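The values are calculated or read from the model by the stated rules, or taken from the named source; none is laboratory data. Note that the structure is a prediction, hence the values are computed from the model and not measured. Here Cβ is always computed from backbone atoms with ideal geometry, including for glycine, and neighbour counts include all displayed protein chains.
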Amino acid sequence: MRRRLVPLLVLTAALLQTAAAETGQRVLRVMPFSGDALSAGETTALQNLITSYVAELRAFRVIDTEGQELALKEAETAVQLGVPKNVAPLAADYLLSGDASKVGGIIVFTLDLTTVSSGEKRSVSDTASSVNELILESRRLTRSLFAALTPPQGTGAADFPAGASVDASGAAPESGQAALTYDSSPRLDEITGAWKGDKGLDRISIFSDGRGIAILESGASMRIRASIEGAKVIVTQDQKSIPDYYRSPGLGYEAAKQIAEKARPWRWVFALSSAGDRLIGVKESVFVRVDASGTVAVDNNYVRDSAWTRLFR
């Protein structure tokens, strides 16, 4: 029996590799979510919900641990019967994992997407005050993670799986809903004026020479500079970070000071809508963790989706 088992497993693996090559679609494996902020049932429900949002992209062959086990059994049965068939490949191109941890009374949720071939990891994180709030935010977070692989249409990125049709949020358009179109050759004068920012950002003014000022919701101001790189609109922080950029009701001055010393400058990578009224893309910033002892950890690889709306020229 042992002699027969080895060639059976080898042949099974060969069948799985053949199936993967024949489909031509990249495989994403959903790893079991972890963390101490949710119950086992809540964790499973959140994982299933996010898996459904990934499937909406129609860009991956999505599998999970249970699916892998079923695929292996199906492949082995097919070999034993002498009737090989198309089975789900086990070798993943991408790994998706999630973690929901409790920090004080807040849920900190992180989604990670790892490219198996290179080990590169992309992450998005956010906080929620309750499980219900986290569920409501889960679709946006999922879109943000995959939008980070590519700017919106017309910006020239090439790392998003072939065959996907994405809208400004990074998700596949709903049936009958057209995706936004973008200016393939934006000019600096087209983005001058006042803009309404996204989370944490109140208002932005951009001047004709690319200089600008951003007013945060906290009331702090930040000098910024806009530039054009091909089809991309790049907006960067144009001064040294100060603690006021990071202070909040739950984050005191000393912690904010530590963050300001470690944080990379804020940077937005946008596409300009054809109508000239929206800037849509991603924000490259930081994600902060503060433990019970007050030690501050800064993750400078944090990327999330971002959108600004024009107020006036």
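Among (1) under 30 Å from S101 (Cα atoms); (2) polar (S, T, N, Q); (3) surrounded by 15 or more Cβ atoms within 10 Å (Cβ to Cβ), there is one condition S273 misses while meeting the rest; what is its number?
That leaves (1) as the condition not met.
In segment 117-134, how many are among the β-branched types (V, I, T), surrounded by fewer than 19 Cβ atoms within 10 Å (Cβ to Cβ) and not in a helix (DSSP H, G or I)? Spell out the reasoning first.
From segment 117-134, those among the β-branched types (V, I, T) are 124, 127, 131; that's our starting set.
Of the ones still in play, those that are also surrounded by fewer than 19 Cβ atoms within 10 Å (Cβ to Cβ) are 127, 131.
Okay, now just the ones that are also not in a helix (DSSP H, G or I), so 127.
Final tally of qualifying residues: 1.
Matching residues to (1) at pLDDT 80 or above; (2) of a type outside the set (S, T, Y); (3) assigned to a loop (DSSP other than H, G, I, E, B):
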position: G156; (1), (2), (3): no, yes, yes
position: P161; (1), (2), (3): no, yes, yes
position: S165; (1), (2), (3): no, no, yes
position: I213; (1), (2), (3): yes, yes, no
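Failed condition for R289, given (1) surrounded by 15 or more Cβ atoms within 10 Å (Cβ to Cβ); (2) within 19 Å of the chain's Cα centre (by Cα), with all others met?
If we test R289 against (1) surrounded by 15 or more Cβ atoms within 10 Å (Cβ to Cβ); (2) within 19 Å of the chain's Cα centre (by Cα), just (1) comes out false.
Looking only at residues in segment 215-238 that are among the acidic types (D, E) and in a loop (DSSP other than H, G, I, E, B), which one is farthest from W266 (Cα to Cα)?
So the first thing to find is which residues in segment 215-238 are among the acidic types (D, E), and the list is 217, 229, 238.
Okay, now just the ones that are also in a loop (DSSP other than H, G, I, E, B), so 217, 238.
Working: E217: 15, D238: 9 Å.
Result: E217.
One line per residue, one yes/no per condition, for (1) assigned to a strand (DSSP E or B); (2) free of Cβ contacts under 8 Å to residues at least 24 places away in the same chain:
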site	(1), (2)
K240	no, yes
D244	no, no
E261	no, yes
P265	no, no
V282	yes, no
N300	yes, no
V303	yes, no
R310	yes, no
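In this structure, is I135 modelled with pLDDT of 80 or more and more than 24 Å from V30 (Cβ to Cβ)? Walk me through how you get there before you give the answer.
Numbers: modelled with pLDDT of 80 or more: yes; more than 24 Å from V30 (Cβ to Cβ): no.
Criteria not met by I135.
Which condition number in (1) more than 30 Å from S185 (Cα to Cα); (2) free of Cβ contacts under 8 Å to residues at least 24 places away in the same chain; (3) of a type in the set (D, E, K, R) is the one that R225 fails?
(1) is the only condition that R225 fails.
Please work out which residue is nearest to S144 (Cα to Cα), limiting yourself to segment 281-296 and to residues that are out of contact with any helix residue (DSSP H, G or I) (no Cβ under 9 Å at 6 or more places or on another chain) and at pLDDT 80 or above.
Selected residue: K283.
Suppose we filter P7, P84 for residues that are modelled with pLDDT under 85 and part of a loop (DSSP other than H, G, I, E, B); which single one remains? Walk me through how you get there before you give the answer.
Working: P7 fails: part of a loop (DSSP other than H, G, I, E, B).
Selected residue: P84, the only one of P7, P84 that is modelled with pLDDT under 85 and part of a loop (DSSP other than H, G, I, E, B).
Inside segment 234-257, can you point out the residues that are surrounded by 19 or more Cβ atoms within 10 Å (Cβ to Cβ) and in contact with a helix residue (DSSP H, G or I) (Cβ under 9 Å, 6 or more places away or on another chain)? Write out each step before concluding.
Applying the first criterion (surrounded by 19 or more Cβ atoms within 10 Å (Cβ to Cβ)) to segment 234-257 yields 235, 237, 241, 245-247, 255-256.
The answer is Q237, S241, Y245, Y246, R247, A255, A256.
Taking the residues in segment 292-313 that are within 13 Å of the chain's Cα centre (by Cα) and of a type outside the set (D, E, K, R) as candidates, determine which candidate is nearest to V108 (Cα to Cα). Outline the logic, then answer.
In the first step, residues of segment 292-313 are kept if they are within 13 Å of the chain's Cα centre (by Cα); the result is 301-306.
Adding the requirement that they be of a type outside the set (D, E, K, R) leaves 301-303, 306.
On the way: N301: 16, Y302: 13, V303: 15, S306: 19 Å.
Among those that are within 13 Å of the chain's Cα centre (by Cα) and of a type outside the set (D, E, K, R), it is Y302.
Among the residues of segment 205-220, write down those that are touching a Leu at 6+ places or on another chain (Cβ under 9 Å) and either β-branched (V, I, T) or surrounded by fewer than 13 Cβ atoms within 10 Å (Cβ to Cβ) (or both).
Listed by number, the residues that qualify are I206, S208, D209, I215, E217.
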